[in-house]
Amino acid sequence: MNSSHAAPHRMDPAGGCPHADNARLLAAGTAVTPVVLPGGVAGMAVLGHDALREFLAHPDVAKGAEHFTALREGEIPDGWPLKTFATVQGMTTADDADHRRLRSLVSKAFTARRVEELRPRIETVTQQLLDALAEAAARTDGVADGAGAGDGVADGDGVADGAGVADLRAHFALPLPMGVICELLGVEAEHHDRLHRLSNQIVATDIGPEEAMAANREMVAVLSAVAAGRMENPGEDLTSALIAAREEDGDRLSPQELLGTLMLMIIAGHETTLNLITNAVRALCGHRDQLELVLAGKASWADAVEETLRWDSPVSYFPFRYPTRDLELAGAVIPKGTPVLAGYSAAGRDTAAHGPDAARFDVTRAARGAGARHLSLGHGPHYCLGAPLARMEATIALERLFTRFPELDLAVPESELPRHASFVGNSVHRLPVRLGSAS
């Protein structure tokens, strides 16, 4: 089937689970499909693994907003929910020399050696958060969850089950990566909650124009204050290093690029790992046989992380890339200047690449040599700079969590977990779990 003639797939601004739509499109032979973005904006999405791998590294595909035809021609209004992805100034919207310049400034903080040096700190923070998770669960014993905090989960009659329930996402999966990236950037703890709230709004695809613009203004204000603080009191953090690079050579990093880089680092540095940890816990709780394999040493926690990245990618559809000429890909033509979504969640379950059992969660898949390596952390020149850090954080988090609470399980059925209001991020908004007995 030539996807250039397929009916456009309308992206749901409310998000939801992407896998049913992905499976339907892939089953129809649609590796590349036209889509309708919020506001009726025409775009395309690359869903097939092989097509996405080719697209991500294609020399005639750009990231700079000047290549977005509808934006350049004034057809995209202020407050369009995806506009920040196109216009923020930083690595994800830069090409060629500009991209190499910006990436080189940040990459020093993410070398293998620097990441490994963070291991003791990540282990300490993980232990502290597990203690806090246990305390949160203890507070819900026999208490109904009516306060809106999401820590306890009430039964159908409004009375909690008394088994010790807590929102693992809020108490564990979120503060771990947020704390680490903010520590790297020199962002004080007082800003963490606010930055997470603003990040959620910026990646939301169902947000209204006024809310979207307000969230961006507030994010810029917070990060400007962070940068000003680091200018006055430089430290050993990445923000101070970026400011020093700008001051040493005024052409190296503009004020807009500094704020854009900080915004991208905050959002990408915690949202992706937050979703990864959340999705891995959901997957392991929903597949106890796979959890038992890891606990028995028949597969590693790193295997569980990689299979989660493939099976339930933390990012579903990432905006945007633009062909710099009419581009033929997997039998479809993507017109020059079209905004294209990278369909990571679809590519992860593409049976053409991962075999007929691609929809099955299997932590031994890599060891068996089954299927292609996933693309969930990107491919090509824009491959995720923080991939080693995300993998380390998730591996430590899962190992410590399930070693301490081997009976941990979801406190509500998977189908009742509230999904993210975004087709960019792929996860749930809360993750109530019952910890069970500690080992």
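Scalar couplings 3J(HN,Hα) for the range 337-346, obtained by applying the Karplus form with A = 6.51, B = -1.76, C = 1.60 to θ = phi - 60°, are x, 6, x, 10, 8, 8, x, 5, 5, 5 Hz; x denotes Gly and Pro. A viscosity of 0.890 mPa s and a temperature of 25 °C, combined with the Kirkwood radius over Cα pairs in Stokes-Einstein, give a translational diffusion coefficient for the range 213-308 of 150 µm²/s. Here the range 1-121 has an Rg and Dmax of 17.9, 53 Å, counting Cα atoms alone. The protection proxy used here, the mean number of other Cβ atoms lying within 10 Å of each residue, ranks peptides 95-101, 431-437 as follows, highest first: 431-437, 95-101. With all protein chains kept in place, the per residue accessible area of the range 302-377 amounts to 33 square angstrom at a probe of 1.4 angstrom. Distances between placed amide hydrogens fall under 5 Å for residue 333 paired with 4, all partners being 5 or more residues away or on another chain.
For the pair the range 253-323 / the range 371-411, the C-alpha centres are spaced 5 Å from each other. Residues in the range 8-52 average 37 Å² of solvent-accessible surface per residue, probe 1.4 Å, ligands and nucleic acids excluded. Based on the Kirkwood approach, the hydrodynamic radius assigned to the range 243-398 is 17.6 Å, with every pair of different Cα atoms included. Accessible surface of the range 1-96, 1.4 Å probe: 51 percent of it comes from carbon and sulfur atoms. With a simple spin-label model that places each label point 7 Å from the Cα along the Cα-to-Cβ direction, the separation between residue 14 and residue 383 comes to 3.9 nm. Taking a sphere under 14 Å around the Cβ of residue 311 and counting the other residues whose Cβ falls inside, with K and R at +1 and D and E at -1, yields a net charge of -2.
Here the accessible area of the range 239-328 is 50 percent carbon and sulfur, with a 1.4 angstrom probe and all protein chains present.
Can you give the Kirkwood hydrodynamic radius for the range 322-439, in Å, rounded to one decimal and based on Cα pairs?
On the way: mean 1/r = 0.0558 Å⁻¹.
Final number for the Kirkwood radius of the range 322-439 is 17.9 Å.
For residue 61, the residues 5 or more places off, or on other chains, whose built amide H falls under 5 Å of its own are 324. Using the Cα gyration tensor of the range 82-131, with a ≥ b ≥ c the square roots of its eigenvalues, what is the shape: rounded (a/c below 1.5), prolate (a/b larger than b/c) or oblate (neither)? Note, shape of the range 82-131 comes out oblate. In angstrom, the C-alpha Rg and Dmax of the chain are 21.5, 65. For the chain, the Cβ-based charge dipole about the Cα centre amounts to some 1000 debye (Lys, Arg positive; Asp, Glu negative; other atoms uncharged).
With a cut-off of 12 Å between beta carbons, the residues surrounding residue 99 carry a summed charge of 0, where Lys and Arg count +1 and Asp and Glu -1. With helices as the sole contributors, the chain gives -14000 deg cm²/dmol at 222 nm; each DSSP H run of n ≥ 4 counts as -39500 (n - 2.57), and the sum is divided by every residue. Computed from backbone phi, the HN-Hα couplings of the range 311-326 come to 6, 9, 3, x, 10, 8, 10, 9, x, 10, 10, 9, x, 8, 8, 4 Hz, rounded to whole numbers (Karplus: 6.51 cos²θ - 1.76 cosθ + 1.60, θ = phi - 60°; Gly and Pro given as x).
The values are calculated or read from the model by the stated rules, or taken from the named source; none is laboratory data. Computed from a predicted model, the values in this text were never measured in an experiment. We place every Cβ from the backbone using ideal geometry, glycine too, and count neighbours over all the protein chains shown. When the accessible area is computed, the model is the full protein with side chains, heavy atoms only, and any ligands, DNA or RNA have been set aside. Shrake-Rupley method; radii C 1.70, N 1.55, O 1.52, S 1.80 Å.
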